[in-house]
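The values are calculated or read from the model by the stated rules, or taken from the named source; none is laboratory data. Model, not experiment: these values are computed from the prediction. Please note: Cβ atoms are built from the backbone with ideal geometry, for glycine as well, and neighbour counts cover all protein chains shown. The accessibility values were calculated without ligands, DNA or RNA, using every heavy atom of the protein model including side chains. Shrake-Rupley method; radii C 1.70, N 1.55, O 1.52, S 1.80 Å.
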Amino acid sequence: MCVWVGCIAKKPCASSLADALEKIEGIWAGYYTGIVTVDGGKLHHAKCAGCVSEWRRRFRASDIPGCSGLMHSRTNSGGGDNRAHPYMAAHGKVGVVGQGSLRCFEHLLGRYVEIGNTLADGRIFNSSEACCDKWNIHLKDGQTPSLSDIVSNAIEREYEKTGDPIGSMRKVGSEILEEAATMVLFHDRPGEIGFINMNQHMVYNFTDDGAFLSITSLALPGGYGAEIPGNTVGIITGDTIKMEALSETLTINPFLPKGICRAVMNYLKEKPRALWGTVCNEAIAPLFPNKGLEYQAVAAYRALEELRNNGCIRFDVEDSVGCSGQKGRIFKYSLSDHAGI
């Protein structure tokens with residue numbers, strides 16, 4: 001999975017977003033980096049293949065205007081600069097970042113291709129390139145976009161029709177089903193961030209400096225945040241949040257098994273310096289019944305936050321090289337000396 005951060009601040013936000021993302025980029029991702037902000041009726045973005053340090057080498061945060069924005073780090077998924085998030089819709093009115101998977105919905109991939117084909121008339125998908133993306137979306141006009149790029153353009157099309165941000169996100173989020181958390185900026189709505197949450201761990205908090213949100217509270221000021229529940233669509237501003245149901249037909253199992261943190265600690269005792277994705281797959285996922293939409297990602301992040309905040313685990317930062325040769329960054333987790341196990 002990927003990681004992302006967002007904020008609605010009282011001052012230009014690009015530098016703060018980069019600092020926050022660097023804290024968490026190696027949890028799952030650390031191979032592609034990008035930002036999108038809104039200012040002056042326009043969306044501004046800068047993205048590249050590579051970790052945050054590579055992004056800083058290529059771009060200056062001071063050159064990116066706007067007090068509201070999103071920043072994202074993607075997994076080692078293949079492709080060049082334009083396969084990094086954000087995905088910018090063709091008419092420049094919507095920018096999207098997201099994280100998650102299609103595990104329960106990959107059988108609907110053909111339907112997503114159909115939706116992409118309806119958008120391809122007159123639209124250029126900026127992510128279109130040959131790469132090792134396992135979903136292999138091929139449109140009738142030869143374009144090969146990321147699914148998140150189809151999402152960004154579908155939301156833009158609906159927003160152009162209706163001017164309703166929540167309605168546009170709900171329509172697209174209930175048609176293109178992903179086990180994902182998707183964040184949306186609209187070009188004409190500064191001071192607002194839209195969101196679609198299927199079954200992921202999304203957290204936010206409000207401070208005197210504004211609103212902050214992320215996939216984990218480890219990136220938030222103070223290290224704490226309230227959760228946005230699954231099956232939700234809404235808008236957050238600098239001091240308010242509006243949430244509505246995404247779909248009346250989806251059923252998400254909120255079951256969180258007992259003993260998650262203990263299972264993680266036992267695993268790290270036997271296999272230190274593990275990637276968090278490996279810990280999730282081998283220690284956390286087996287605790288779930290694996291029936292339909294579950295809260296595995298919520299469990300994984302809650303466990304990580306609790307164990308980190310209690311000083312039970314530590315991580316080592318390692319440089320890496322992505323499958324496209326880009327500079328990457330990953331975290332490897334072990335028990336701390338004070339774990340008490």
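Can you tell which of GLY6, GLY41, GLY30 is open to solvent by less than 10 Å² (accessible area, probe 1.4 Å) and on the phi > 0 side of the Ramachandran plot?
GLY30
Output the residues belonging to the stretch 9-40 that are under 23 Å from ILE196 (Cβ atoms), within 17 Å of the chain's Cα centre (by Cα) and not in a loop (DSSP other than H, G, I, E, B).
Residues satisfying the conditions are LEU17, ALA20, LEU21, ILE24, TYR32, THR33, GLY34, ILE35, VAL36, THR37.
Counting only residues that are more than 29 Å from PHE105 (Cβ to Cβ) and either modelled with pLDDT under 95 or touching a helix residue (DSSP H, G or I) at 6+ places or on another chain (Cβ under 8 Å) (or both), which one in the stretch 195-219 is most open to solvent (accessible area, probe 1.4 Å)?
It comes out as ASP209.
When the residues of the stretch 224-251 are filtered to those that are among the acidic types (Asp, Glu) and assigned to a loop (DSSP other than H, G, I, E, B), which remaining residue is surrounded by the most Cβ atoms within 10 Å (Cβ to Cβ)?
Looking at the filtered set, the residue picked out is ASP239.
Can you find a residue that is touching a strand residue (DSSP E or B) at 6+ places or on another chain (Cβ under 9 Å), farther than 30 Å from ARG58 by Cα and touching a residue at least 60 places away in the same chain (Cβ under 8 Å) anywhere in the stretch 310-331?
So far as the stretch 310-331 goes, no, none of its residues is touching a strand residue (DSSP E or B) at 6+ places or on another chain (Cβ under 9 Å), farther than 30 Å from ARG58 by Cα and touching a residue at least 60 places away in the same chain (Cβ under 8 Å).
Being charged (D, E, K, R) and open to solvent by 60 Å² or more (accessible area, probe 1.4 Å) is the filter; apply it to the stretch 271-316 and report the residue that is farthest from the chain's Cα centre (by Cα).
Selected residue: LYS271.
Looking only at residues that are closer than 18 Å to TYR112 by Cβ, of a type in the set (A, V, I, L, M, F, W, C) and part of a loop (DSSP other than H, G, I, E, B) in the stretch 50-102, which one is nearest to the chain's Cα centre (by Cα)?
If we take residues in the stretch 50-102 being closer than 18 Å to TYR112 by Cβ, of a type in the set (A, V, I, L, M, F, W, C) and part of a loop (DSSP other than H, G, I, E, B), then LEU102 is nearest to the chain's Cα centre (by Cα).
Which condition does GLY328 not pass, out of (1) touching a Cys at 6+ places or on another chain (Cβ under 8 Å); (2) open to solvent by 30 Å² or more (accessible area, probe 1.4 Å), if it passes all the others?
(2)
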